[in-house]
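Everything on this sheet refers to the single structure shown next.
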């Protein structure tokens, strides 16, 4: 099965200019050789701390930024080779949702004009009446009313604005939506609504998402696969299930350990990250994570690890839930050759799950949630 | 839990449905200074447009029986050195002053905004070139440059307007460029690109409407400056040509009689003062009303 999107060796170095004459004094290596692929209808989450380059990857895929190197193939076509006008036409198939719905909607455009614009640009819904009907349909699709089309963005709440941003992305019936932290500016209660909406729309239209987030708790609910980024590189990629059950890279483990559990009695690995992410202008040699890794060895400072399926023998372990070596690079890849030597990470996420009382409580809660959903 | 405590869909706030301009007008109305300014501006506009109906005398008709008469019931603001009615000349002079203000700022906007938008949006060498030209023009004092240009073009009111307009252009280029630089990194501009807008459409539909408020403020302040400049050029004989009236040329002829007939200089001075003050008040009010940070 061929991929919808294939990204290889994607690199973006931003020049840093200093002084009155703007001499380039160095480069911020925001993205430094990223490879991944995405199938139609699939969700790939890219997670990592602020400054790891995850948002830059999203913008490079959409060609909102020009990569320094690498290739982005969408439906088999190299996007980077396209002319400006050809790229504009391709934008019908690739859309974006930004983090801050207060910034991403033009404050001087009515909702109707905003949603009609992509239709007009791509020659969809030819007549005014057809366009109006489609705008109403889009608003309905994201849970707003068609008569909201006359309003301006400032008249909506944050969650409603993000729904509008989703409606704008959907207007042209894209195949892929890059969602750059789409819920992190929203209240937790609204986050769930927006995530559920995104999942419902994915099922309905067969959308593929690149879901960029720093929040593994959110990602767990929407992603099929997760790529963990650190300082411009992917350090681990796996299916969501495999990553949560058996995280390999020390950085992934630290991220998972930072996810709050809704259970005060849970015990788990204490491997919280210390210190800040190093400067991307001057990344550490060898493994970029060695400065903060509690398992770091001498060789980690020297040798840059490859993102590999399994260092020695291709045996990923039966409990891993991998698709096996036949699936090639779609398995569980880790940029750390030493992961087998680390203590088991089974206690990271749902450690106290055996507890009988807790199971009963969870069932009770689940019953409430179901009842609540079924209420009209 | 029931549906009444958990609304299925978030209800939109029904209260406010007004566009940004309606809101700005509501806020402008609350500002006394701005409303006084607006009232005086409207008064001058009415005077200028209705001059043939309102002015009690022909502004260029001389009368040797009424030379340099002080204010009286016949001539409310007195007469000048050839017996022309000062009030009538001020009413007709409002045409020259206001049209000089509006036309020259119109010229400045017509050139300054597109150039600033181009410089700010395109960046690179286009920006560098335009910005250096603007810097060079701004290095010369406003009036000096206007006088030099007006002298070069030849003395007439329309040439004075062109000279003032060109001189006022760099300010608008610089302001538009700065605002464009700030607006073009906004998420909604990136979103406009992602949707597939061509560059010209992003600049005109997404950047320009969002930078109009500061431009409007600057324009109302620039009108005040242009009125002064027109008065100065007319005073120097480079603007409105005699015998047609303009406040500046009235001041010019009054200076020789400042002791014998001070009303000849006083009333044009008051007119300039009021027009400039009211445009400034209006501009300040607009700045506050259009700034979303003010409540």
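The values are calculated or read from the model by the stated rules, or taken from the named source; none is laboratory data. What you are looking at is a predicted structure, and each value in this text was computed from that prediction instead of being measured. Cβ: placed from backbone, ideal geometry, glycine included. Neighbour counts: every protein chain shown.
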Residue ranges of strands (runs of 3 or more DSSP E) in segment A:3-59 with at least 2 members surrounded by fewer than 22 Cβ atoms within 10 Å (Cβ to Cβ): A:5-18, A:23-38
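Looking at segment A:61-109, which of its residues are assigned to a strand (DSSP E or B) and either facing another protein chain (nearest Cβ under 7 Å) or under 20 Å from the mean Cα position of the chain (by Cα) (or both)?
Correct list: A:70, A:71, A:72, A:73, A:74, A:94, A:95, A:96, A:97.
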Residue satisfying condition, being without any contact (Cβ under 8 Å) to a residue 12 or more places away in the chain and surrounded by 22 or more Cβ atoms within 10 Å (Cβ to Cβ), within set B:194, B:222: B:194
Hey, residue A:163 modelled with pLDDT under 90 and at the interface with chain B (Cβ under 10 Å from one of its Cβ atoms) or not: no
Helices (runs of 4 or more DSSP H) within segment B:165-254 that include 3 or more residues closer than 20 Å to residue B:107 by Cα: B:208-235
Unmet requirement for residue B:205, which otherwise passes all of (1) within 14 Å of another protein chain (Cβ to nearest Cβ); (2) modelled with pLDDT under 90: (2)
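Just to be sure before I move on: is residue B:266 surrounded by fewer than 23 Cβ atoms within 10 Å (Cβ to Cβ), within 30 Å of residue B:40 (Cβ to Cβ) and either under 22 Å from the mean Cα position of the chain (by Cα) or within 13 Å of another protein chain (Cβ to nearest Cβ) (or both) in the structure I sent?
no
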Filter result for the condition that a residue is under 30 Å from residue A:174 (Cβ atoms) and crowded, with 21+ Cβ neighbours inside 10 Å, over B:176, B:167, B:180: B:180
Output for segment A:203-224, where each listed residue is without any contact (Cβ under 8 Å) to a residue 60 or more places away in the chain and crowded, with 23+ Cβ neighbours inside 10 Å: A:218
Filter result (at positive phi and in contact with a helix residue (DSSP H, G or I) (Cβ under 9 Å, 6 or more places away or on another chain)) within segment B:54-97: B:68, B:78
Residues of segment A:180-220 satisfying the condition of being within 22 Å of residue A:92 (Cβ to Cβ) and modelled with pLDDT under 90: none
Yes/no for residue B:69 being over 30 Å from residue A:156 (Cβ atoms), touching a strand residue (DSSP E or B) at 6+ places or on another chain (Cβ under 7 Å) and without any contact (Cβ under 8 Å) to a residue 40 or more places away in the chain: yes
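Condition check: farther than 24 Å from residue A:206 by Cα and either part of a loop (DSSP other than H, G, I, E, B) or touching a residue at least 24 places away in the same chain (Cβ under 8 Å) (or both). Does residue A:119 satisfy that?
no
Quick one: which of A:113, A:133, A:125 is outside any loop (DSSP other than H, G, I, E, B) and crowded, with 16+ Cβ neighbours inside 10 Å?
Working: A:133 fails: crowded, with 16+ Cβ neighbours inside 10 Å; A:125 fails: outside any loop (DSSP other than H, G, I, E, B).
Going through A:113, A:133, A:125 in turn, the sole match is A:113.
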Flag if residue A:227 is crowded, with 24+ Cβ neighbours inside 10 Å, under 30 Å from residue B:21 (Cα atoms) and in contact (Cβ under 8 Å) with a residue 40 or more places away in the chain: no
Residue under evaluation residue A:139, criteria (1) without any contact (Cβ under 8 Å) to a residue 40 or more places away in the chain; (2) surrounded by fewer than 19 Cβ atoms within 10 Å (Cβ to Cβ); (3) within 17 Å of residue A:109 (Cα to Cα); (4) within 12 Å of chain B (Cβ to nearest Cβ), criterion not met: (2)
Filter result for residue B:93 (closer than 30 Å to residue B:245 by Cβ and either touching a residue at least 12 places away in the same chain (Cβ under 8 Å) or in a helix (DSSP H, G or I) (or both)): yes
Subset of segment B:158-185 (residues that are within 29 Å of the chain's Cα centre (by Cα) and within 12 Å of another protein chain (Cβ to nearest Cβ)): B:183
Boolean, residue A:103 is free of Cβ contacts under 8 Å to residues at least 12 places away in the same chain, touching a strand residue (DSSP E or B) at 6+ places or on another chain (Cβ under 9 Å) and farther than 14 Å from residue A:170 by Cα: no
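Listed residues A:174, A:107; which is surrounded by fewer than 16 Cβ atoms within 10 Å (Cβ to Cβ) and under 29 Å from residue A:61 (Cα atoms)? Write out each step before concluding.
Numbers: A:174 fails: surrounded by fewer than 16 Cβ atoms within 10 Å (Cβ to Cβ).
The conditions single out A:107.
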